1. Please go through the stretch 45-60 and pick out each residue that is in contact (Cβ under 8 Å) with a residue 60 or more places away in the chain and not acidic (Asp, Glu).
2. So Gly205 fits all but one of (1) farther than 22 Å from Leu98 by Cα; (2) surrounded by 14 or more Cβ atoms within 10 Å (Cβ to Cβ); (3) among the small types (Gly, Ala, Ser); (4) out of contact with any Asp or Glu (no Cβ under 9 Å at 6 or more places or on another chain); what number is the exception?
3. For the stretch 240-261, does any single residue satisfy the condition of being without any contact (Cβ under 8 Å) to a residue 12 or more places away in the chain, under 30 Å from Ile119 (Cα atoms), hydrophobic (A, V, I, L, M, F, W, C) and part of a helix (DSSP H, G or I)?
4. Among the residues of the stretch 76-84, is any modelled with pLDDT under 85, outside any helix (DSSP H, G or I), assigned by TED's automatic domain parsing to the domain that holds Ile217 and among the hydrophobic types (A, V, I, L, M, F, W, C)?
5. Any residue that is among the acidic types (Asp, Glu) and out of contact with any Leu (no Cβ under 7 Å at 6 or more places or on another chain) - is there at least one of those in the stretch 63-79?
6. From the list Val270, Val277, which one is in contact with a strand residue (DSSP E or B) (Cβ under 6 Å, 6 or more places away or on another chain), at pLDDT below 90 and assigned to a strand (DSSP E or B)?
7. Across the stretch 113-141, which residue is modelled with the lowest pLDDT among those that are crowded, with 20+ Cβ neighbours inside 10 Å and within 31 Å of the chain's Cα centre (by Cα)?
8. Quick one: Gly190 ticks every box in (1) crowded, with 22+ Cβ neighbours inside 10 Å; (2) within 15 Å of the chain's Cα centre (by Cα); (3) among the small types (Gly, Ala, Ser) bar one, so which box is it?
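The values are calculated or read from the model by the stated rules, or taken from the named source; none is laboratory data. Everything numeric here is computed off the predicted structure, so don't read it as measured data. When we count neighbours, we look across all protein chains shown, and the Cβ atoms used for this are built from the backbone with ideal geometry, even at glycine.
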Amino acid sequence: MTETAPGGDQQRDQGRDQGQESTLTVFLALAANLGIAVAKIVAAVVTGSASMGAEAAHSVADTFNEVLLLVGLRRSGRPADRRHPFGYGKERYIWTLLVAVAIFGMGALFAFYQGFETIVAGHGGEADPLVGYVVLGVSFVLEGTSWRQAVRQVRADARAENLPLRVFLRRTDEPTSLSVLLEDSAALLGLLLAFAGLGLHQLTGSAVWDGVGSALIGVLLTAVALLLGRVNLNLLIGNQADPRIIADVRERLTAAPEVEWLVDIVTMTVGADRVLVCARLDFRDALRASDVEHACVRMARELREAHPEIDEVFLEPVPRDDPDLRARVIARYGRPLEPPAGT
């Protein structure tokens, strides 16, 4: 039986708004990166700058990445079906993980190649650095516009979760806006590195500086790729829910009059703002089977009403002294089961 929590409509509206905001953020980044990529390619050909070539590859990778993020947003929003009873929410993490791979494969490796080739050769064919400066300046303005939108969304999401920005970035189960923010931040830093490489090349006449700038852009992109990869890998493996949700679920289940002891609780994020809750409960011995059934239905409903992001609730009646269960809990947490105080 499916029940709708009173706060469910509000939560769905909020999730829909956040999804639309995420789409806007990605579209804005896509438009900016596409224009910047074309301009940088032209500038790289005209100037012969290794740093500019690395930045051109960076922008091409970012443009491709925004397409991947849009695909992930669309496909992860499909409803649950028989083959995928928990929905497609985790597919978003797969596409964002592909973004991390693309940043490294299309951006960082090319930047390393350009940089090391220029450093080893010791000369470059820089012809008209003024074109490069103009392109870098315009690119900085466009990237800054996309970056501001990404920052605005991430801050709004953090406020919606009542979390400090730093804590939100560690806990978020919505990697799309984080990906755009990291990409745009890396792009702004990369533009500064390219500007420095181009300028030092012009001032000293040595193309080594241009190659160093390109190599540093490769290091920057590698760091971003590793960070994004780690975030999405954890989400794909299955992060636990927000600790505040876990604490409140534990408190509510423990306070239920039918429950003598909360034996175990396991949660997992199965998508953006979607949480699975599984709990093992030792019910009072005097209860009848029907009492336990009705209690489970009531408690599941109350949990979803309190936390609309809770998508599914599974409550299992168990005896606290079962040796197999005791061994499983000890294996997971590294400590034995302890009875509640006063029992």
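1. Those that are in contact (Cβ under 8 Å) with a residue 60 or more places away in the chain and not acidic (Asp, Glu): Val46, Thr47, Gly48, Ser49, Ala50, Ser51, Met52, Gly53, Ala54, His58, Ser59.
2. Condition (2) is where Gly205 drops out.
3. Within the stretch 240-261 (the criterion being without any contact (Cβ under 8 Å) to a residue 12 or more places away in the chain, under 30 Å from Ile119 (Cα atoms), hydrophobic (A, V, I, L, M, F, W, C) and part of a helix (DSSP H, G or I)), the answer is no, since none of the residues qualifies.
4. yes
5. Filtering the stretch 63-79 down to residues among the acidic types (Asp, Glu) leaves 66.
From what is left, the residues that are out of contact with any Leu (no Cβ under 7 Å at 6 or more places or on another chain) are none.
Within the stretch 63-79, none of the residues are among the acidic types (Asp, Glu) and out of contact with any Leu (no Cβ under 7 Å at 6 or more places or on another chain).
6. Only one candidate qualifies: Val270.
7. Residue satisfying both the conditions and the ranking: Gln114.
8. (2)
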